Amino acid sequence: MLRKTGAALLALALAGASAGCARTAPDSAKAASARGPITVWLSNNAQEVVWGEKMVAEWNKAHPKERIKAQQIPAGKTSEEALSASIIAGNSACLVFNASPASVPQFQKQAGLVPLDDFPGGERYVTSRTGERAAQYRSEDGKFYQLPWKSNPVMILYNKKHFKKAGLDPEHPKLSTYKDFLDSSRKIVRSGAAKAAIWPAPSSEFFQSWFDFYPSFIAESDGKQLVKDGKPQFDTPAGRRVANFWRTVYREKLAPQEAFPGDAMAAGKSAMTIAGPWAVAAYKDSIDWGVVPVPTSEGRSLKETSTFSDEKSVSMFSACRNRATAWDVLKFATSKKQDGAFLKDTGQMPMRPDLLDEYRSYFEKNPGYKKYAEQADRTVEVPSVAGSIDMWQALRDRWTASVVFGRERPEGALRDASRDISTILDEY
């Protein structure tokens, strides 16, 4: 059955709820104007926790009757499963500062989210803070069930030491075209500079396509989403060029077919990684790193390249009983001041237009992040459609079979994935 991933999430959630008594949802009208203490959930990213604790302390000092209690998202196989289970159990936090846009349609289907449009000025706040990219985060009913919070535009990070060892120019690496990227990768592996040129996860989790196929497809297709108006857009010449490029990477053993237990670049096993600025924290004290856009068949400058946003949103969950306070906290935590503090503590990009001008002093002190800030204005999100996770899983299953392991031709795999996804979208 195609809808195995979404069904699995719901089954896990229901199993978690059956272990205890599910709570009664609060009356929406009363909750909308109610004030009082709230709980927020943060990711387990160390830098985000540091920012979150300071943000909470600042709020609590000024609002002793509306205090925030901050916790990390409950443990689970994935945060999506943990959040789905919390919706069924009725014990979600008021605000979650790590909602994946791919999961928002699923949470919405579970009646687990509060539309931010319901608050006075809610839609205006989302669109003014986010700018033109806000449209990508509207749900199919036209409402915002998430505030786009922070992006991690996916780019190619590389180890200058490995490039120099391979006889490549570490300051001006040839990586912009598929041909140049492959030639440089071959030199890295054949010289022994690193075991792998690049080492994306070859595993089959639905979200892994966001760090190989999707950023490459976005760049190659001039910024297309995977799906638009209910129709897949990737079984195209651009999609096929991307699939064949990555098939060459795996066929020539420039990327291993097995997963690395940790961060291959941090461990010195890979010369490159495809990641957002969140990864820099793992490298900045031990690796002399550089960053360039995702390659394309013909090669494009940073200003011409779009990529995957790897964005995380803030969502308000329907279990929240003090929603007026939660709405004020959401705006406080995503204010210009707090966004600046978040950027300083984490290096991740707040979803604001003109970051370089808005936080000029930060980028002057941290010039390595400038390219990420420039890229942040040209990011593409996952489609906000029902069945989103199942859709990505269908693509990933075909990708691993064809591109990673070569069990079928990439062209046929894309055609079959497009057909599978069309069926999923029709079912929902």
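Grab the beta carbon distance between Ser204 and Glu304, set R0 = 35 Å, and tell me the FRET efficiency rounded to 0.05.
My answer for the efficiency is 0.60.
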With the contact rule set at Cα under 8 Å and sequence spacing of 6 or more, what percent relative contact order holds for the chain?
27
Checking Ser128, Ser216, Ser318 against a Gaussian network model of the chain (alpha-carbon springs below 10 Å), the top fluctuating residue turns out to be Ser128
Run the dipole for the stretch 191-326 about the Cα centre, Lys and Arg Cβ at +1, Asp and Glu Cβ at -1, nothing else charged, and hand back the magnitude in debye, nearest 20.
240
Once you charge only the Cβ atoms, +1 for Lys and Arg and -1 for Asp and Glu, what is the size of the charge dipole of the stretch 107-262 about its Cα centre, to the nearest 20 debye?
780
Looking at the square roots a ≥ b ≥ c of the eigenvalues of the Cα gyration tensor of the stretch 318-428, which shape do they give, rounded for a/c under 1.5, prolate if a/b is larger than b/c, or oblate?
oblate
Within a Cβ distance under 11 Å of Tyr145, other residues only, what is the Lys/Arg minus Asp/Glu net charge?
-1
Nearest 0.05, what FRET efficiency do Glu408 and Asp263 give at R0 = 30 Å with Cβ-Cβ as r?
0.50
Using only the Cα atoms, what convex hull volume per residue in Å³ does the stretch 245-343 have?
198
Using a simple spin-label model with points 7 Å from Cα along the Cα→Cβ vector, what separation in nm is obtained for Asp180 and Lys228?
2.7
Residue among Val56, Ala75, Val280 farthest towards the positive dipole end of the chain, charges placed on Cβ:
Val280
For the stretch 308-325, take each phi angle, set θ = phi - 60°, evaluate the Karplus expression 6.51 cos²θ - 1.76 cosθ + 1.60, and give the result in whole Hz per residue in order, putting x for glycine and proline.
6, 6, 6, 7, 10, 10, 9, 10, 9, 9, 5, 6, 5, 9, 10, 6, 5, 5
Computed label-point distance, nm, for sites Asp288 and Arg360 using a 7 Å Cα→Cβ extension
3.1
Putting +1 on Lys and Arg Cβ atoms and -1 on Asp and Glu Cβ atoms, find which of Phe308, Leu343, Phe260 reaches farthest to the positive end of the dipole of the stretch 223-359.
Phe308
Using only the Cα atoms, what convex hull volume per residue in Å³ does the stretch 49-135 have?
141
Going toward the positive end of the dipole of the chain, with +1 on Lys and Arg Cβ and -1 on Asp and Glu Cβ, which of Ala89, Ala31, Ser151 do you reach last?
Ser151
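Would you please put 94-107, 131-144 in order of how densely packed they are, using the mean number of other Cβ atoms within 10 angstrom per residue and starting with the highest?
Descending packing order for the listed peptides: 94-107, 131-144.
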Please give the charge dipole size of the chain, origin at the Cα centre, charges +1 on K and R Cβ atoms and -1 on D and E Cβ atoms. Round to the nearest 20 debye.
720
Radius of gyration, Dmax [the stretch 172-330; alpha carbons; angstrom]
18.3, 61
When the convex hull of the C-alpha atoms of the chain is computed, what volume per residue in Å³ does it have?
135
Greater than 30 Å separation of Cα atoms is the criterion. Which listed pairs, Lys228/Lys269; Lys336/Lys371; Lys224/Lys312; Lys30/Lys109; Lys228/Lys253; Lys77/Lys164, meet it?
Lys228/Lys269; Lys228/Lys253; Lys77/Lys164
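None of the figures in this text is laboratory data; all of them are computed from the coordinates on show. Everything numeric here is computed off the predicted structure, so don't read it as measured data. All Cβ positions, glycine included, derive from the backbone under ideal geometry; neighbour counts span all protein chains shown.
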